[in-house]
1. Which whole-Hz ³J(HN,Hα) couplings does the stretch 135-142 yield from phi under the Karplus relation 6.51 cos²θ - 1.76 cosθ + 1.60, θ = phi - 60°, glycine and proline marked x?
2. At Ala174 and Ala190, where each label point lies 7 Å from the Cα along Cα→Cβ, what is the point-to-point distance in nanometres?
3. Tabulate in residue order the Karplus-calculated ³J(HN,Hα) for the stretch 173-190, using 6.51 cos²θ - 1.76 cosθ + 1.60 with θ = phi - 60°, rounded to whole Hz; enter x for Gly and Pro.
4. Residues with amide H under 5 Å of Ala37's amide H, sequence separation 5 or more or different chain, H placed in the peptide plane at 1.01 Å from N; which?
5. Show me the ranking of peptides 156-164, 191-199, 85-93, 210-218 by mean Cβ neighbours inside 10 Å, starting with the highest.
6. Give me a comma-separated list of calculated 3J(HN,Hα) values for the stretch 200-206, in order, Karplus coefficients 6.51, -1.76, 1.60 applied at θ = phi - 60°, integers in Hz, x for any Gly or Pro.
7. Test of understanding: what is the full-extension gain from Gln119 to Glu211, defined as 0.36 nm times their sequence separation minus their Cα-Cα distance?
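Rule-based calculations on the coordinates, nothing more; no lab input. Nothing here was measured: the structure is a model prediction, and the numbers come from that model. Every residue, glycine among them, receives a Cβ derived from its backbone with ideal geometry; neighbour counts consider all protein chains shown.
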Amino acid sequence: MNGHFSDNTGINPLVLCENRRGFSILNISSAIFDCSAPDLDSCPDESLPEFAFIGRSNVGKSSLLNLLAGEQGLARVSPTPGFTKFINFFTMNNCWRLVDLPGYGFAKIARRDSARFNQSVFDYLENRPNLCLVFALIESGLEPQEIDLEFVEWLVRHAVPFILVFTKADKVSADTAQTNIAAFTDRISAWFEKLPAVFACSATTRRGRPELLGVIADQIKAINTAANQAGASSESSPNPSLKALAQGNRKRRPDRNRPW
Ligand code: GDP
């Protein structure tokens, strides 16, 4: 599928991104829908760092994506759980991709479709070489849900790098959110030497936007620094430093040998 951003210029978009005057990840000047991929083979080229968002249906993923992109309607905010069935790719500022993964735990999709569909998500999470980080979304107003715990366990077991993002923080009191977050991290803490980073956010109050975009900015900076150190030429696309960082993130997953 097409990467609309760079290839007719021959310029590595990551280098372009870094060289652009006044570039700031917090200032998203372009958010472009790339494609919807039904499986790994249909995903776009691997030249850009990808940051994937996933959570239980109705967790507030679309709202959060729109908040991050600064564009309402970028990802569909749906009243129907399980509406988004495909892996959706959006290119931000011509230099990184936001990836909208289908929600898990939806009830209204036939079991067979659901299985096929999950397989493509798992394929993507396990095998996409330019996947830098997964944002695992969990609703802050709920006590730990088995389905979220199971999904996080799957991420840990498969060494997929992720952070935890607790959504809809405006819907409950700060105390309740804190209690639920602590209960969740408590349930998973035995799986890690060091817990993944935890963020609370709200699409309603915009809480968490700078922090989450800051995480992405740090990753892009690390890729560019490594590329500069390696003396990457502007023609080298896909950027080898991108794949190295993505692989390095996977290796850094804590405690891969956890007894399950
Ligand atoms: P998705 O199914 O995970 O993509 O969830 P949506 O973004 O479609 O949101 C599901 C429902 O939760 C919608 O009714 C949203 O308006 C609501 N919602 C999403 N984010 C927030 C939030 O931060 N605060 C509150 N109060 N409601 C939210």
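1. Karplus-based 3J(HN,Hα) across the stretch 135-142 equals 9, 8, 8, 9, 6, 6, x, 10 Hz.
2. For Ala174 paired with Ala190, the spin-label model returns 3.3 nm.
3. So the J values, rounded to whole Hz, are 5, 4, 5, 4, 4, 4, 4, 5, 5, 5, 5, 5, 5, 5, 5, 9, 4, 5.
4. Ile87, Asn88, Phe89
5. On the way: 156-164: 18.0, 191-199: 14.6, 85-93: 21.4, 210-218: 16.2.
Averaged packing, sorted descending, gives the order 85-93, 156-164, 210-218, 191-199.
6. Each residue's phi maps through the Karplus curve to give 10, 8, 8, 6, 6, 9, 6 Hz.
7. Details: separation 92, 0.36 × 92 = 33.12 nm, distance 3.07 nm.
Taking 0.36 nm per residue and subtracting the Cα distance, the gain is 30.0 nm.
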